[in-house]
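Here is the structure we will look at, set down as structure tokens.
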Amino acid sequence: MEVIYGRSSFCDSRVAESGASWSPGYMAMAGSMGVAGKKISVAADFKLALQNALRGNAPFVLDVDVNPTQEGHRLAILPIPMDWFRPTQRV
């Protein structure tokens, strides 16, 4: 992720030994609370998974892998610290 104010922001978590990217097990967390979900690793699978999630009448987790180096990726950077009382500008 981006480095802002001299520190990593958002979810830039790494495994200390390997430097590999790490994120929480959102599917395991959802399952532990009885919530269904789907892990999305390929962009082409997202649309159908989102449609299915919206059709359901229950909470549903979509855990989507995001590659910021992939063409077409848009990264929204918010200033940190942020003035939460001032509207942000839409891009």
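Just so you know, all these numbers are worked out from the coordinates, no wet-lab data involved. Keep in mind it's a predicted model, so treat the numbers as computed, not measured. In this analysis, Cβ positions are derived from the backbone assuming ideal geometry, glycine residues included, and neighbour counts consider all displayed protein chains.
Couple of notes before you dig in:
- Of all residues making up the range 24-64, the number that are outside any loop (DSSP other than H, G, I, E, B) and in contact with a Ser or Thr (Cβ under 9 Å, 6 or more places away or on another chain): 2
- Enumeration of residues in the range 39-63 that are of a type in the set (Lys, Arg) and closer than 22 Å to TRP22 by Cα: LYS39
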